[in-house]
Amino acid sequence: MAVGPAVTVAQRWETRSFLPVLVDALSGAEADEEVQRLVEAFGGEPASVAEHCLGEPVNRVRKLRFSSGGEIVLYDGAVVGAILHVEPTAGCPGVVDLGQWIAGATNAATLDELKAALELPVRFAGFSSPYVAVGHGYACFRFIRRDGSGGWKEPGNLARIVVTGKAPGLAMLDGDECPTCSDLLVRGERGVDVDATIGQLEAAVSSQAIAEDAHWVTLGDLTAIHASGLVARAESQLRCRTCRRVICLTLYRDGPATFGYHVRDDAMLRPMEPIPPVEQWGSAERIAMAQAAMQYVDHEPGCWFLVRQGDALYFDARYSLGVADDSALIELNGEEREGYRIGGRSYLAELAKRMQRRPAGRRGSPYYSRDLSRRGGEAGRDYRGEFSAAITDDTWQAEQRARRALSATSSSVEPSAADWPTTPD
Ligand SMILES: [Zn+2]
């Protein structure tokens, strides 16, 4: 007997939830049949329609909000997401009755209950972003981590379910009206007004609304590096402390500047060119500043880094606490400096091993109180930032990016604290 075509058995999420209606609308235009079906499912006429522009080149964002608690988000005329609001949000009048959308779920559902109701494996795109794959889309469960609450483990913390076509970690539709960072782009006659935008960003950095990522070009250097013509693209990245999105301001040698918002995993994977030596593009003042700053001396890939500043030597060694990797930055003391003078790299390898055996992340480790990235050292001094700036274009950074890229695409287990953003709030 001939073997017939494989019979596809419909999955529970397809038959026992209305999520397929949300998934089918993805990437459609507002007039498309699939989108209109979702509009009907949300109750017909939207209670409000909000529109705004995002970034440069401009994304035209349009949000249809329904009193049923549903929301449809369009970028440049195509649906990029559909949201089931379980908690009321600004501009969205109602909340859904989740039981009507997913059989067996309630508005107080925990992650385990959603998992059971949909019979789908849960994956994570970062500590606070569990999601499931639904057909050609993804359903991300946004839980609120209220103080002292167990997040997704306890009932009552589910805020909304966001269905997107882009992998979670690369989609951010529910944060794009952040009051802190949405007005930082200044448009000129032809796209980004670079100087004015840098001014806005610098003001936001000094008021601590956003933070510069020292792995990228600093705002202060951006125009000088771009003007040198030595790089095809120069980019500054800044993270909003409110919505956690990363702002990327990019100046191109052969094209107009761009200004965009990205999620962390996406921003980390953007192309990064090595920054040419400051002597090739900096002013005399800037060169003098660089000479006074921490400077790269040596490193062992994946293991340790040595930088110097004046007479001081700073040593950064990676260690592992179970599943979480971290690193400790210490200033070498007299004994260690002498050890390095005599033993060179092999002494540093030994020191790195010692620091791995007594990880600085544990109280009781002799390196706990010496870790400058932990205790901050002199008041107001950002040792970790200075160190990162000294090794910006080095291989360890490239490794870190590759490692994170890998973990961003393959994480299917409950993540550890290492998945929290590394920059302090
Ligand atoms: Zn923001």
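A few notes on this one:
- Filter result (open to solvent by 40 Å² or more (accessible area, probe 1.4 Å) and among the acidic types (D, E)) within the stretch 318-362: D325, D326, E331, E335, E338, E350
- Residue among A234, A214 that alone is crowded, with 18+ Cβ neighbours inside 10 Å and touching a Gly at 6+ places or on another chain (Cβ under 6 Å): A214
- Each residue in the stretch 251-270 was checked for being more than 16 Å from the ligand (Cβ to nearest atom) and in contact with a Leu (Cβ under 9 Å, 6 or more places away or on another chain), and 5 pass.
- Selection status of R187, within 16 Å of the ligand (Cβ to nearest atom), at pLDDT below 95, on the phi < 0 side of the Ramachandran plot and among the basic types (K, R): no
- Criterion: under 25 Å from L38 (Cβ atoms) and modelled with pLDDT under 95 - qualifying residue of H215, H136: H136
- Among the numbered conditions (1) open to solvent by 70 Å² or more (accessible area, probe 1.4 Å); (2) within 16 Å of the ligand (Cβ to nearest atom), the only one that R245 does not meet is (1).
- Qualifying residue in the stretch 208-224 (condition: within 16 Å of the ligand (Cβ to nearest atom) and farther than 26 Å from A125 by Cβ): yes
- Strands (runs of 3 or more DSSP E) wholly inside the stretch 255-325 containing at least 2 residues that are over 20 Å from S388 (Cα atoms): 255-262
- Qualifying residue in the stretch 381-392 (condition: at pLDDT 90 or above and aromatic (F, W, Y)): no
- Complete set of residues in the stretch 79-106 that are more than 15 Å from L118 (Cβ to Cβ), surrounded by fewer than 16 Cβ atoms within 10 Å (Cβ to Cβ) and of a type in the set (A, V, I, L, M, F, W, C): A90
- Test result for R239, more than 30 Å from D97 (Cα to Cα) and within 16 Å of the ligand (Cβ to nearest atom): yes
- In this structure, S373 qualifies as at pLDDT below 95, within 20 Å of F387 (Cβ to Cβ), touching a helix residue (DSSP H, G or I) at 6+ places or on another chain (Cβ under 6 Å) and among the polar types (S, T, N, Q).
The values are calculated or read from the model by the stated rules, or taken from the named source; none is laboratory data. Because the structure is a prediction, the values reported are computed rather than measured. So basically every Cβ, Gly included, is an ideal-geometry build from the backbone, and we count neighbours across all protein chains shown. Note: areas computed on protein heavy atoms with side chains; ligands, DNA, RNA excluded. Shrake-Rupley method; radii C 1.70, N 1.55, O 1.52, S 1.80 Å.
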